[in-house]
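Here is the structure we will look at.
The values are calculated or read from the model by the stated rules, or taken from the named source; none is laboratory data. Bear in mind that the values here come from a model prediction, so they are computed numbers and not experimental data. Ideal geometry is used to build each Cβ from the backbone, glycine not excepted, and the neighbour counts take in all protein chains shown.
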Amino acid sequence: MTMFPEMVTIGRIDRPFGVHGAVKVRSLTDRPGRFEQLTAVRVAAPGGQAVERAVRHVRRAGPSYIVEFEGVTTPEDAAMLRGALLQVPRLAPSTPEFELNVWYECDLIGMAVMDEAGHELGSLETILELPAHPVFVVKQNGREVLIPAVKEFVRSVDVAQGRMTVRSIEGLIEA
């Protein structure tokens, strides 16, 4: 998977859609309206090459999106994009989104997780999107701990230091 530090991944192209070069995209963002406002994206292919593409049209299709790019006009062109990541510029830290303590998933994955007493619980491996709220999956030495991703349990996140502090949850985190 190709990542550019100044970019954030918002979707993955699953497959071609229709006969005019559109693609079906699985959203990897929780920011409302992100796809509807797209005018251009970086398309990062699984092989490592990345190109800027103008977006002609976007429409919602259930949980996914149908996206049409300039210059992609056939199902064969669209098939070449299968598995590619759609990336957009990362927001500047001064934007209101950051003031609300909202972080990008790519910044959290791999982060060291500690309890308030300073005991290391492991590293954040993945984030489960559940109906009520996301859940952080923290792993250490084959052990898995699930932490609700809510303010009550997540006390602080330091992206620069790669560290998250969580409140100990009786019965959930073993000594």
Are any of the residues in the stretch 13-34 in the same structural domain as R82 (by TED's automatic domain parsing), of a type in the set (D, E), in a loop (DSSP other than H, G, I, E, B) and touching a strand residue (DSSP E or B) at 6+ places or on another chain (Cβ under 6 Å)?
no
Residues of the stretch 9-66 being touching a Ser or Thr at 6+ places or on another chain (Cβ under 7 Å), of a type in the set (V, I, T) and farther than 21 Å from E129 by Cα, in sequence order, are V55
Subset of the stretch 23-51 (residues that are crowded, with 16+ Cβ neighbours inside 10 Å, under 25 Å from W103 (Cα atoms) and charged (D, E, K, R))
R34, R42
Filtering the stretch 138-158 down to residues that are buried (at least 17 other Cβ atoms within 10 Å of the Cβ) and outside any loop (DSSP other than H, G, I, E, B), which residue is modelled with the highest pLDDT?
V138
Can you confirm whether V135 is touching a residue at least 40 places away in the same chain (Cβ under 8 Å), of a type in the set (V, I, T) and in contact with a strand residue (DSSP E or B) (Cβ under 8 Å, 6 or more places away or on another chain)?
no
Consider T73 carefully, then state whether it is β-branched (V, I, T), surrounded by 14 or more Cβ atoms within 10 Å (Cβ to Cβ) and not in a strand (DSSP E or B).
yes
With the condition kept exactly as written, say whether any residue in the stretch 97-106 is in a strand (DSSP E or B), of a type in the set (A, V, I, L, M) and surrounded by 11 or more Cβ atoms within 10 Å (Cβ to Cβ).
no
Checked the stretch 52-68 for anything surrounded by 11 or more Cβ atoms within 10 Å (Cβ to Cβ), at pLDDT below 95 and within 12 Å of G11 (Cβ to Cβ); matches are S64
So G62 clears everything in (1) at positive phi; (2) touching a residue at least 24 places away in the same chain (Cβ under 8 Å) except one condition, right? Which one?
(2)
Could you list all residues from the stretch 6-29 that are more than 18 Å from T74 (Cβ to Cβ) and either of a type in the set (A, V, I, L, M, F, W, C) or in contact (Cβ under 8 Å) with a residue 60 or more places away in the chain (or both)?
E6, M7, V8, T9, I10, G11, R12, L28
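Residues are listed down the side, and each one gets a yes or a no for (1) at positive phi; (2) assigned to a strand (DSSP E or B); (3) modelled with pLDDT of 90 or more:
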position: G122; (1), (2), (3): yes, yes, yes
position: L128; (1), (2), (3): no, yes, no
position: P131; (1), (2), (3): no, no, no
position: E170; (1), (2), (3): no, no, no
